[in-house]
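Here is the structure we will look at, set down as structure tokens.
The values are calculated or read from the model by the stated rules, or taken from the named source; none is laboratory data. Just so we're clear, the structure is a prediction, and the values are computed from it rather than from any experiment. Cβ coordinates were reconstructed from backbone atoms using ideal geometry, including for glycine residues, and neighbour counts include every protein chain displayed. The protein model used for the area step is the full one, side chains on, heavy atoms only, and it has no ligands, DNA or RNA in it. Shrake-Rupley method; radii C 1.70, N 1.55, O 1.52, S 1.80 Å.
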Amino acid sequence: MVVPHHATGARLARHRLAAELAGLIPPPLLADLVAVLAELVGNAVRHADPLPGGVVRVAWRLRPTPTGPSLSIRVTDGGAGAGPRMRAAGADAVDGRGLHIVAGLANRWGVDRDGLGQSVWAEFDPADCRPGLVSTG
């Protein structure tokens, strides 16, 4: 789906994801997906340029596996001067925790770059018991 490169884009993406996957995956996993999607779209809006047309592209994929659903989320934007990175946030900081949340909830996450921009992705696999493994590609 395509959402505006604006704060409302995160809300639109969250509601669509929740509506499409409700009843297909366990509610705790859906809550994690919604939280991660909100962080990734919010980061794209706050820190990156939009794609042509002033938008951000959001995609997710549900794949059945013998041990439960495997899911991936991808948020594509026009890129930024510096790529996404985890940073230290002090106890009183009002921001700087987004990618820590992503790393804590997803099994893997990373960034893909091409000539048009960048995609930040996160993968959720209930069979993988090693959450927070960071991988860049």
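Key figures
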quantity: Residue in segment 26-46 that is of a type outside the set (S, T, N, Q) and part of a loop (DSSP other than H, G, I, E, B) present; calculated: yes
quantity: Per-region count, segment 12-33, residues without any contact (Cβ under 8 Å) to a residue 12 or more places away in the chain and either basic (Lys, Arg) or more than 24 Å from residue 66 (Cβ to Cβ) (or both); calculated: 3
quantity: Out of 45, 41, 56, 36, sole residue that is touching a strand residue (DSSP E or B) at 6+ places or on another chain (Cβ under 8 Å), in contact (Cβ under 8 Å) with a residue 60 or more places away in the chain and of a type in the set (Val, Ile, Thr); calculated: 36
quantity: Qualifying positions in segment 49-70 - among the aliphatic types (A, V, I, L, M) and out of contact with any Asp or Glu (no Cβ under 7 Å at 6 or more places or on another chain); calculated: 55, 58, 59, 62
quantity: Of all residues in segment 13-32 being modelled with pLDDT under 95 and surrounded by 17 or more Cβ atoms within 10 Å (Cβ to Cβ), the one that is nearest to residue 99 (Cα to Cα); calculated: 32
quantity: Filtered residue count, segment 47-58, keeping only those that are assigned to a strand (DSSP E or B) and open to solvent by 50 Å² or more (accessible area, probe 1.4 Å); calculated: 1
quantity: Cβ-Cβ under 6 Å pairs, at least 6 apart or on other chains, segment 97-111 side part of a helix (DSSP H, G or I), far side among the charged types (D, E, K, R); calculated: 98/39; 101/39; 102/39; 105/32
quantity: In segment 12-33, the residues that are basic (Lys, Arg) and out of contact with any strand residue (DSSP E or B) (no Cβ under 9 Å at 6 or more places or on another chain); calculated: 14
quantity: Subset of segment 61-78 [more than 12 Å from residue 120 (Cα to Cα) and not β-branched (Val, Ile, Thr)]; calculated: 61, 62, 63, 64, 66, 68, 69, 70, 71
